[in-house]
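Structure record follows, encoded as structure tokens.
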Amino acid sequence: MPRPIPRLFLNLYRFYSTPATSASTKPTSAQKWVPEKLELDGKTYISEEKYWNISPNLIKLTERRLLFDEANPLNLLKRRIVNHMHKKHRKPGNRSPIFAVCEDQRRIVSVFENFDSLLTPLDHVSRRTSDTYYVNREYCLRAHTSAHQHSLIKQGFDNFLVVGDVYRRDEIDRNHFPCFHQMEGVRLYSADELFGTPQPGKDFKLFETNGERTKEKQEFHAFDAAKVLELKLKETLEDLCRELFGEKAQMRWVDAYFPFTHPSFELEVFFGEKWLEVLGCGVIEQKLLESAGAGSKVGWAFGLGLERLAMVLYGIPDIRLFWSTDTGFLHQFQGKQPGDSIQYVPISVHPQLYMDISFWLPENHDSTHMKSDAYDLIRNIGGDLVEQVEIIDEFYNPKTNLTSHCYRIIYRSNERVLTKEEVNVVHGKITEEFIRLYNVKIR
Ligand code: DAH
């Protein structure tokens, strides 16, 4: 019996887990909104009504760039993975990292890049306009970071990570969103890089002629080369998972299918009482490497979905939260380091209300102490109603020899919508307490 595919992972794997059908890319009929052209990442693309299926809302998503936002958990996770890969994979001599990090690839890619270069069958469902966002017959929004493999290899990159936002037409729910984020890894080897410097009597080869394609290897690959590649690939990814899920993480490998790798695998990690698929990978099809001008090397690739990992690692229950601009969400990740362990605490569904308080400190009062005291005081009086406190302004007036502080207090209740009146009462009490305890002068 085929293994059921967990819903959460459909984002990453629906492309390949669904059998190919004969229906090819069929343009949809009358669309509501078809602008003449689309400008993205510094390039302009002329739209074709027959193919265009991008909504204004989707365009807005392309503008958010969550991976570049340091307060977003996806940014933290990206840095954590990159740091690990840089630390663990270094050039001989240990001076420089092996993997180049590419995070500014254009998000509109050609149909060749998104599908053909990756050997995706012509009649594959993922090519349909119901699955992929098209600008015209030739260009689409990348549906996976794999879309950059061919061109980066062709440009001469042997070892790289690609990180980025990818787009697929999908329903929206707790686990699915039309835009999500992936990290791709590619590593290519020459014979020496794979087997080490040749030793007399030990002559390992990458390729064989008239070879056979089996479950374990491609027809062009020598058996030893395929096995060493598979070992190195698995070792690299198990190591990465231990970094993310802890030294004792339980893992298992499952056979998979991707058009551009053979053999292909998925890695599952046991977490929170369940086996979770965390990534797909495999030995890159030699045909792909040949067409990208790297036919003398062999290599492996992997792809992982960042949301899926971040949801598990940080305990984020809904994929839509990554898009939240609510500071109640963002402040839980702001200023954190990639290595920190963070557990997300659900934010209230009720609106925030904020009020500022500014005052002059008494002469010679220590400014740093005042800050710690202020945070304590505000929390003591405001209790659960205070969601966040932030100092938003601080300056010294040399003429009067006085320092001013301004704090922004964000009030929010878990249980109900707060009224301005009741917040005023609390805010008033906080103000009084500042005066009573620290003799500050309200401005
Ligand atoms: N591109 C695949 C997807 O989006 C993920 C993937 C699988 C990437 C295997 C790879 C790979 O590089 O080797 O579903």
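Would you please name the residue that is nearest to the chain's Cα centre (by Cα), looking only at residues in the range 205-251 that are more than 17 Å from residue 262 (Cβ to Cβ) and among the acidic types (Asp, Glu)?
Ranking the qualifying residues of the range 205-251, first place goes to 243.
Please go through the range 354-401 and give me each residue that is at pLDDT 95 or above, surrounded by 18 or more Cβ atoms within 10 Å (Cβ to Cβ) and in a strand (DSSP E or B), ordered by number.
Of everything in the range 354-401, those that are at pLDDT 95 or above, surrounded by 18 or more Cβ atoms within 10 Å (Cβ to Cβ) and in a strand (DSSP E or B) turn out to be 357, 359.
Can you tell me which residue in the range 277-320 is nearest to the ligand (Cβ to nearest atom), limited to those that are touching a His at 6+ places or on another chain (Cβ under 8 Å) and in a loop (DSSP other than H, G, I, E, B)?
285
Can you tell me which of 114, 53 is surrounded by 15 or more Cβ atoms within 10 Å (Cβ to Cβ), among the polar types (S, T, N, Q), under 18 Å from residue 179 (Cβ atoms) and in contact with a His (Cβ under 8 Å, 6 or more places away or on another chain)?
So the residue among 114, 53 that is surrounded by 15 or more Cβ atoms within 10 Å (Cβ to Cβ), among the polar types (S, T, N, Q), under 18 Å from residue 179 (Cβ atoms) and in contact with a His (Cβ under 8 Å, 6 or more places away or on another chain) is 114.
Residue check, residue 14 against (1) away from the ligand (no atom under 16 Å from the Cβ); (2) modelled with pLDDT under 95; (3) not in a loop (DSSP other than H, G, I, E, B), all met but one. Which one?
Tallying (1) away from the ligand (no atom under 16 Å from the Cβ); (2) modelled with pLDDT under 95; (3) not in a loop (DSSP other than H, G, I, E, B), residue 14 fails exactly one: (1).
Pick out the one residue from 25, 44 that is among the hydroxyl-bearing types (Ser, Thr, Tyr) and modelled with pLDDT of 90 or more.
The unique qualifying residue is 44.
Identify all residues within the range 260-282 that are at pLDDT 95 or above and over 23 Å from the mean Cα position of the chain (by Cα); write none if there are none.
262, 263
Count, please, the residues in the range 176-228 that happen to be within 15 Å of the ligand (Cβ to nearest atom) and in a strand (DSSP E or B).
10
So for the range 72-95 (the condition being of a type in the set (A, V, I, L, M, F, W, C), out of contact with any helix residue (DSSP H, G or I) (no Cβ under 9 Å at 6 or more places or on another chain) and at pLDDT 95 or above), does at least one residue qualify?
Taking every residue of the range 72-95 in turn, at least one turns out to be of a type in the set (A, V, I, L, M, F, W, C), out of contact with any helix residue (DSSP H, G or I) (no Cβ under 9 Å at 6 or more places or on another chain) and at pLDDT 95 or above.
Pairs needed: first member in the range 164-183, under 11 Å from residue 143 (Cβ atoms) and at pLDDT below 95; second member anywhere, among the small types (Gly, Ala, Ser) and surrounded by fewer than 19 Cβ atoms within 10 Å (Cβ to Cβ); C-beta distance under 7 Å; at least 6 residues apart or different chains.
From residues that are under 11 Å from residue 143 (Cβ atoms) and at pLDDT below 95, the pairs are 169/130.
The values are calculated or read from the model by the stated rules, or taken from the named source; none is laboratory data. Quick caveat: nothing in here was measured; it's all calculated off a predicted structure. Don't worry about glycine lacking a Cβ; one is built from the backbone with ideal geometry, like all the others, and counts go over all protein chains shown.
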